[in-house]
Amino acid sequence: MITKAITKKFPFLLSIFLLSVFSSIEVVGQQTLESTNQALRYSRYSRLSLKIIPIQESPRNFILQIPIEKLEENAVFSDYTFSFTILSSYNQPFTDENLTTLSEMDLKLNTQNHFYFEQRIRVPDEQQVAIAFLKVVDTRQGDEYYYHMDLISPFVLGHPNFGAYFGNNIPFDQSFLIQEEALLFKTKGPVSLHSYFYPASFEAPYPPMEIKPSPVPREIEVINEGDFLANIPKDFEKKGYYFIQSDTNSTEGLMIKTVPQAFPRVESWEEMVDMVVYISTRREHEALLAAEDKKIALDQYWIGLTKNEETAKTLIREYFRQIEFANILFTDFKEGWKTDKGMVYTVMGPPNGVTFRQNAEIWTYGDLNSNSKINFTFARVKNILTPNYYTLNRSRALQPEWFKSITLWRSGKMDF
């Protein structure tokens, strides 16, 4: 009766109301960076690894290098569809209408390990935020891969106006470089670039429920290495990280983390001792650090946890596999396992849900539609070395799930 009365007396208002309801449903159903689950980018079973590397030719003009690494053997172009667009916000929908399809004719290179595209774009003068967005669909099973990179935003201090390349002309798309390997820097501007070297090392982060701030070194050593010629291969011999610039009076530059030959795998028994800090008690870890023979101490440690030698072997293999993935996925100027994301990934495993906001990245564990799910929120921090630097929002509320996962590790029952 009430509905009929409203319909009779206010048909226009009712139509406006229904239109607004259906419009909001449509918007909610559209994909945006804030609503799309991107957990596949951190899966241990991904078939591709996507990257967008901007070269900034002017404040509004960019070359987008798009190297897509083939993680499966003998990857075939026709098994995937590729598309990209430039978004103006993290809640702007991306649809077939505003995505540009990349065909095989658009490939700049198709190597054994990469599909490589390059696109030139201009951001309109009135656009305050610009985000390069890439979508790849595996047509065999429908898996959707995504990647995005802020071109213009409050968290970006600028992008370099030069590119770094491997010997096969594929852009340097990794988060680390093995010591003594070389890169080729190409620039249309100055004939030389400038190098700063930071021989810094970092401690493992505090656990998620530790709300006091981590210690920060008062001084960081910086070695000014001076200029070097572009367009000639440059070696990176020392362990640490480098910051390469074309203009030392600007904030734009490229950070290159250098690592030992074994990386992303474990290099030594001493390194293994450092890495078990996440699942050890303080007393256990101090005993390992003090042990003269680290190998014997570690053997006793692992068998002591599981009380079974075969279970211990499986546990060691799984734990350091997590460390390896963390190093591949999250290395910045720190080794990946020492970052907040790497710590959570090592202990909790790959997240079930990954969503982005302009100022944060949210990982969800558990059933995404359940009230029992738990979120880890990584706040985005402006950083001159990288446009994608995040720190965990620590909270004592995370302690129960954290200890639960550690207990599973220590009993040899953790399974991803």
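With every protein chain left in place, what is the accessible area of Arg321 in Å² (1.4 Å probe, nearest 10)?
80 Å²
Taking a 1.4 Å probe, which of Trp337, Trp269 shows the most accessible area, and what order do the others take after it?
Most to least solvent-accessible, the answer reads Trp269, Trp337.
Find which of Ala262, Gly240, Ser250 sits farthest along the positive direction of the dipole of region 220-295, computed with +1 on the beta-carbon of Lys and Arg, -1 on that of Asp and Glu, about the Cα centre.
Ala262
Work the Kirkwood hydrodynamic radius out for region 134-203: mean of 1/r over every pair of different alpha-carbon atoms, inverted, in Å.
Here the Kirkwood hydrodynamic radius works out to 16.0 Å.
Would you work out which of Asn327, Leu288, Leu305 lies farthest towards the positive end of the dipole of region 276-412, given +1 charges on the beta-carbon of Lys and Arg and -1 on that of Asp and Glu, about the Cα centre?
Asn327
Could you give the spread of the C-alpha atoms of region 308-367 along their three principal axes, from largest to smallest, in whole angstroms?
47, 33, 13 Å, listed from the longest principal axis down.
Separation between the Asp227 and Leu385 pseudo-spin-labels, each 7 Å from Cα along Cα→Cβ, expressed in nm?
Computed distance between label sites Asp227 and Leu385 equals 2.7 nm.
Show Thr339, Thr111 ordered by accessible area, largest first, where the area counts protein heavy atoms only and the probe is 1.4 Å.
These residues rank, largest area first, as Thr111, Thr339.
Per residue, how large is the accessible surface of the chain? Use a 1.4 angstrom probe and give square angstrom. Could you put the intermediate results ahead of the total?
On the way: 21740 Å² over 416 residues.
Here the per-residue accessible area is 52 Å².
Dipole of region 175-269, Cα-centred, from +1 at each Lys and Arg C-beta and -1 at each Asp and Glu C-beta, to the nearest 20 debye?
That gives region 175-269 a dipole magnitude of about 220 debye.
Determine the relative contact order of the chain: mean sequence separation of Cα pairs under 8 Å and six or more apart, normalised by residue count, in whole percent. Let's see the in-between values first.
Values: 749 pairs, mean separation 62.0, N = 416.
That works out to 15 percent.
Testing the spin-label approximation: label points 7 Å from Cα along Cα→Cβ at Glu237 and Arg122. State their distance in nm.
Going by the 7 Å Cα→Cβ label model, 4.6 nm.
For the chain, what is the convex hull (Cα atoms) projected area averaged across all directions, in square nanometres?
For the chain, the mean projected area of the Cα convex hull comes to 26.8 nm².
Ignoring ligands and nucleic acids, what accessible area does Lys239 show with a 1.4 Å probe (Å², nearest 10)?
Roll a 1.4 Å probe over it and Lys239 shows about 100 Å².
For Arg140 and Tyr45 in the same chain, what is the full-extension length gain: residue separation times 0.36 nm, less their Cα-Cα distance, in nm?
32.7 nm
Please find the FRET efficiency linking Gln31 to Leu408, where r is the Cβ-Cβ separation and R0 is fixed at 35 Å, and quote it to the nearest 0.05.
After rounding to 0.05, the efficiency reads 0.55.
If I ignore ligands, DNA and RNA and count only protein heavy atoms, how much of Leu289 is accessible to a 1.4 Å probe, in Å² to the nearest 10?
90 Å²
Counting only protein heavy atoms, what percent of the accessible surface of the chain is carbon or sulfur at a 1.4 Å probe? Could the numbers behind the result be given before it?
Values: 11150 of 21740 Å².
Ligands and nucleic acids excluded, carbon and sulfur give 51 percent.
Let me check against my output: what whole-number percent is the relative contact order of region 22-105, with C-alpha pairs under 8 Å and at least 6 apart?
It comes to 32 percent, rounded to a whole number.
Please give the charge dipole size of the chain, origin at the Cα centre, charges +1 on K and R Cβ atoms and -1 on D and E Cβ atoms. Round to the nearest 20 debye. Please report the intermediate quantities before stating the final value.
On the way: 43 positive and 51 negative charges, 294 e Å.
For the chain, the charge dipole is close to 1400 debye.
Could you give the length gained on full extension between Lys186 and Met209, defined as 0.36 nm per residue of separation minus the Cα-Cα distance, in nm?
In short, 3.8 nm is gained.
Set the Förster radius R0 to 51 Å, insert the Cβ-Cβ distance between Leu109 and Arg396 as r into 1/(1 + (r/R0)^6), and round the FRET efficiency to 0.05.
FRET efficiency, Leu109 to Arg396: 0.55.
Can you bin region 181-266 into rounded, prolate or oblate? Criterion: square roots of the alpha carbon gyration tensor eigenvalues sorted a ≥ b ≥ c, rounded for a/c under 1.5, prolate for a/b above b/c, oblate for the rest.
The shape class here is prolate.
On the first, second and third principal axes, largest extent first, how far apart are the outermost C-alpha atoms of region 92-210 in Å?
48, 47, 40
How high is the relative contact order of region 108-266, given as a whole-number percent (alpha carbon pairs under 8 Å, six or more residues apart)?
Reported relative contact order: 23 percent.
The values are calculated or read from the model by the stated rules, or taken from the named source; none is laboratory data. Quick caveat: nothing in here was measured; it's all calculated off a predicted structure. All Cβ positions, even for glycine, are placed from backbone atoms using ideal geometry, and neighbour counts span all protein chains on display. To get the accessible areas, we keep the full protein, side chains included, count just its heavy atoms, and leave off ligands, DNA and RNA. Shrake-Rupley method; radii C 1.70, N 1.55, O 1.52, S 1.80 Å.
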